[in-house]
Amino acid sequence: MSSKHQLLTFVSLLETNKPYLVNCVRIPALQSLLLFSRSLDTNGDCSRLVADSWLELKLTDSESAVQLLAASLRLRTHWEDALDQQLSHQAWRQRQRQEEEEEEEEEEEKTLSVSHQEVAALSKELLQFMATKVPYSLRRLTSLEAQNLYLGPQTITAAPSVPGLFGNFTLSPHPTKGGYIVTDFLTYNCLTSDTDLYSDCLRTFWTCPYCGLHLPLTPLERIAHENTCSEVPRDNATGAEEAPAPLQKASALQRPYHCETCHKDFLFTPTEVLRHRRQHM
């Protein structure tokens, strides 16, 4: 178990007589797979994840696993919405250039583009997500394990009652894998498991730190309660008043960096990390 597993990504592909990967960068494995995998499959408590049907991730803490999965769902949704909005904005501008409409319509253009505040907020959330440290294991599935990976179609099609666990997404049974379809890339509780059949139903007494509710709950029920608890402080009120931090210019060598001295998150190259550390000496 480690929180330092990494994957290798590249910025561009150079094709000559042979293809070459250019500007290769190491990135955190767990967070990257949660954000960019074409398919994600989980077991009942989300402590076991399979990305693209060949990479297996196991987390020791099921609560941390569910929280990371819920955060990745939220980030992927916001990211996709921002991209769709920006592409629609670009298409609108091209149509306006061709049609040469009146100047009054230029005011409408501001409502179509993604604001700098939204981009800054999304960038900050992505940096915080990538800097999360959770111990987990990463390995490649064997061909035999890949063949016996899924539960298969289930006779009981009723979706589990976990309000707020996956946001506003509705769960529907998967016709081939089993489990439940959450999004076009996420299937919940479709992986086979060697654990006890009653392990997902075991409850322990837990007290909500916000409303004081004291009940025996499973890890999934705890997180579902925290997501729907009316006493949980919301960041919307304070976040709207704070001015977003200025965006940093992206670079292929930049990586998320959390400074333990000033307790801030940055996007730095190795040289910039050393320069920032010298400021605190």
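All of the numbers you see were taken from the coordinates with simple rules; none came from a lab. Treat the numbers as computed from the prediction; the structure is a model and nothing was measured. In this analysis, Cβ positions are derived from the backbone assuming ideal geometry, glycine residues included, and neighbour counts consider all displayed protein chains.
Laid out as a table, the results:
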{"item": "TYR150 long-range amide H proximity, modeled H, under 5 Å", "result": "THR192"}
{"item": "Restraint check, LYS4/LYS58; LYS133/LYS177; LYS58/LYS264; LYS58/LYS124, Cα-Cα greater than 21 Å", "result": "LYS133/LYS177; LYS58/LYS264; LYS58/LYS124"}
{"item": "MET130, MET1, MET281 arranged by Cβ crowding within 10 Å, fewest neighbours leading", "result": "MET281, MET1, MET130"}
